[in-house]
Each structure stands twice: as C-alpha cells, then as structure tokens.
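So the structure is just underneath, and the comments pick up after that.
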Amino acid sequence: VVARAPIDVIRHLPISKKPLDVERAKEGRTAVSTVLSRLIRPTFVAPKGRTFVWGDWSAIEARVMPWLADSRAAEEAILTPYRNGDDIYILNAAAIFNQPVDRIAQGVAEHDPIYTGMRQAGKISGLSLQFGGSVGAYKAMARGYGVRVTNEEAQIIVDGWRQRNRWARTFWNRCDEAARSAMSHPNTMYGAGLLKLVFYPNLMGGSLVTFLPCGRPLVYPKARYEKIERFGQMQDVLTYLNGMGRSMTYGGKIGQNGTQAAAASLLRSTLRRLTATEPDAMIIGHTHDEVLCEVDDTTSSGFAERLEAAMVAGFDWTAGLPLAAEVTTDWYYHK
C-alpha cells in the first residue's frame, strides 16, 4: 500500500512457501485481497520492552457444532479424531475422493500438489458445508481460498462430505423440528442436541429463543412462519425481525447461530478468566477466535504457557468439548 505496488506485481507475490502458493504466484494468480488482508495485523506493534502473546483456538467452530449435536455419530466422525490428534481435513478428503487416509497424508507431507489440493478441498468442505450449505456455499468459500471448481466438481465434494458427516444433516433436522415444535407449543422447551428452543408469545411480539449450553439466550423476535418461494416452490419458512426487515432461518442456520454464539461465549468467559487470574497481562484485543495480550518481555514465555492452559481448560458448561489452542509470541501481530 505504501509503495503503491501495481496489482500485477501483487498477483505475483507468493503468500507462503507452499508449492501451490508459489505456483499460483508464478502464474500471476495470487489473490490481491489475501495479500492486502495480511497487511492489517502487522500494523499492531508492541511498545519497547513489551511483547504480544496471542492464542488461537484451533478449528473452534468445526469442534463446537458436532459437540452441540450431542450424538454418537458426531462423536465418532469429528470429536474422537480431534481428541486423537487426527487431521480432520485429510479424513474429509479421503471420503470425498475415495482415497486411503495414509496415502493422502503421505502426499501432503511430500508437498504433492494433487494431495495438498485434496486436503484443501477437505478443509473448505468442512468450513462451508457444516451449516447446511451446498454447491453454492462451497464454491463461494473456495474462491476465498483462491480455488476454482465447476458445479460438477463441487457436487462431488458436497456428496462426499455429507456421506462422511451424516450427523450434520441429522442435527440440522433436529434444530428445524425443535423450532417447529416450539412455535406450535408456546412456552414449552424442545431440545436439539445441547440447544434448547422455546417460543414466548408475549416477548417482543412473539420470540423464538435458543438457549445455549452456557445459559445465554439467542432471541429471534416477532418469529412466525410465512409462505415464501424457495428452490422453485412455495414453502413454510420461519422468519423473524432483523433490524428494519425480516430474515429467514432454518435448521442449518439455527445450528450455525448456536455454534458461533457458543464459541463467542467461550471467548467471553476466557477473557474474564484471564482478567481475574493474570493481573500483569494486558488484554488488548481479540479477533473472532483469538485472544491478544501484551506483557513484559521478561514474562512472555511463562505467560504463553498459562494462556494456552487458560484457553483449553474449558468450563462447567463445555464438558465433552475437545479444545486446542496455538499460542504465538512476537513483537508485532500477524497470522
């Protein structure tokens, strides 16, 4: 930005040393938006004598949603592999491309572009399809990673991911069923995994409320079912007041909202824990699933260990949720 670099120059900058990124740079296919986004965090620099220490929860939403589903299928497909330290992205790729897990893992270790591409597809599929998305959702997120796929290729990936992760569709359906039951029977609570849904007819014009495991509520005010055209046919769709307009919701979105809100509750509770237990550390920010702190140079090493411990300790309401965090120490902030 400062150098006013031409876009064509930026497109030839490798964003990492990975063979795929290097190859893209040679072909002038580096995403300019990715380069620019990586210039934001380094604008935060620690004062002299101080150091930044920050922790990043590993794949937090990919862990929270199957935990919320509270099913044996989710435990076996996602949570147990996370506890065992397995690479979920490779497991997804093996199901999608019908390849042995060990072969993909070996190819990734050897930086083979074919197998690293498979793992990338496994990663993008988990991030984009977990909340009920299909071909469009996959392609949209893939573009953010600089990956282009056809509708046919995306459909193969969607089908493979859903085959391995049947627990997800079951959870979407349970969220949808719980919402319908709650709307039909006011003031009665219905469960969808670890989420609890209830419709209060006298709250803000009639509100559907989702209670998180921590007890915090998510409120959908003026909730009602409306006839709306979706996928070429009229359907009963649950809508609610969102600002000055109305938005629609469904099982996958209810699960998504619950997942992101539960992850936010984990962040909030951890910030409070650090404030109470680390009086010498200055919490200066957070970015979605990261906690950013500033400490004296002489105490950064010990604090880094305590920060990681605080982030993975969990709380009474997170029982069964496998947490992992990666902590970084540096004089400036970066990804």
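Using 1/(1 + (r/R0)^6) with R0 = 35 angstrom and r between the beta carbons of residue 159 and residue 287, what's the FRET efficiency to the nearest 0.05? The value I calculate is 0.55.
The modelled label-to-label distance between residue 20 and residue 227, using points 7 Å beyond Cα along the C-beta direction, is 4.7 nm. What you get for the stretch 10-54, charging only the Cβ of Lys and Arg (+1) and of Asp and Glu (-1), is a dipole of about 140 debye around the Cα centre. From the alpha carbon centroid of the stretch 147-178 to that of the stretch 305-334 is 29 Å. Here the label points at residue 189 and residue 7, each 7 Å from Cα along the C-beta direction, are separated by 5.4 nm in the simple model. Most tightly packed first, judged by the mean number of other beta-carbon atoms within 10 Å of their residues, the peptides 225-238, 66-79 read 66-79, 225-238.
Summed over all non-identical Cα pairs, the Kirkwood treatment of the stretch 180-286 gives a radius of 15.7 Å. A convex hull fitted to the Cα coordinates of the stretch 50-206 yields 184 cubic angstrom per residue. Eigen-decomposition of the gyration tensor built on the alpha-carbon atoms of the stretch 209-259 gives equivalent ellipsoid semi-axes of 23, 13, 8 angstrom, largest listed first. The alpha carbon gyration tensor of the stretch 79-167 gives principal lengths a ≥ b ≥ c with a/c of 1.5 or higher and a/b no greater than b/c, which makes the shape oblate. The candidate values were [x] 20.7, 65; [y] 19.3, 56; [z] 22.1, 65; the one computed from these coordinates for Rg and Dmax of the Cα atoms in Å carries the label [z]. Using a probe radius of 1.4 angstrom, the carbon and sulfur fraction of the accessible surface of the chain is 53%. What the pair-distance distribution of the stretch 123-237 shows, using all Cα-Cα distances binned every 5 Å from zero, is 2, 11, 16, 16, 15, 16, 13, 8, 3, 1 percent. Once backbone amide H atoms are built at 1.01 Å from N, residue 285 has 292 as its partners under 5 Å, excluding neighbours fewer than 5 places away on the same chain. Comparing 249, 270, 150 in a Gaussian network model of the chain (Cα springs below 10 Å), the most mobile by mean-square fluctuation is 150.
For the stretch 13-86, the square roots of the Cα gyration tensor eigenvalues, ordered a ≥ b ≥ c, give a/c of at least 1.5 with a/b no greater than b/c, which places it in the oblate category.
For the stretch 193-279, the solvent-accessible area of protein heavy atoms averages 50 Å² per residue (probe radius 1.4 Å; ligands and nucleic acids excluded). When the Cα positions of 215, 7, 205 are compared along the charge dipole of the chain, 205 comes out farthest toward the positive end, with charges on each C-beta of Lys, Arg, Asp and Glu. Evaluated with a Cβ-only charge set (Lys, Arg +1; Asp, Glu -1), the stretch 240-335 carries a dipole of roughly 780 debye about its Cα centre, given to the nearest 20. Peptide packing for 250-258, 18-26 was compared via the average number of neighbouring C-beta atoms within 10 Å per residue; ordered from the highest value, the list is 250-258, 18-26.
With +1 on each Lys and Arg Cβ and -1 on each Asp and Glu Cβ, and nothing else charged, work out how big the dipole of the chain is about its Cα centre, in Debye to the nearest 20.
Here the size comes out at about 1000 debye.
Expressed per residue, the C-alpha convex hull volume of the stretch 253-308 stands at 69 Å³.
The values are calculated or read from the model by the stated rules, or taken from the named source; none is laboratory data. Predicted, not measured: the structure shown is a model, and the values here were computed from it. In this analysis, Cβ positions are derived from the backbone assuming ideal geometry, glycine residues included, and neighbour counts consider all displayed protein chains. The accessibility values were calculated without ligands, DNA or RNA, using every heavy atom of the protein model including side chains. Shrake-Rupley method; radii C 1.70, N 1.55, O 1.52, S 1.80 Å.
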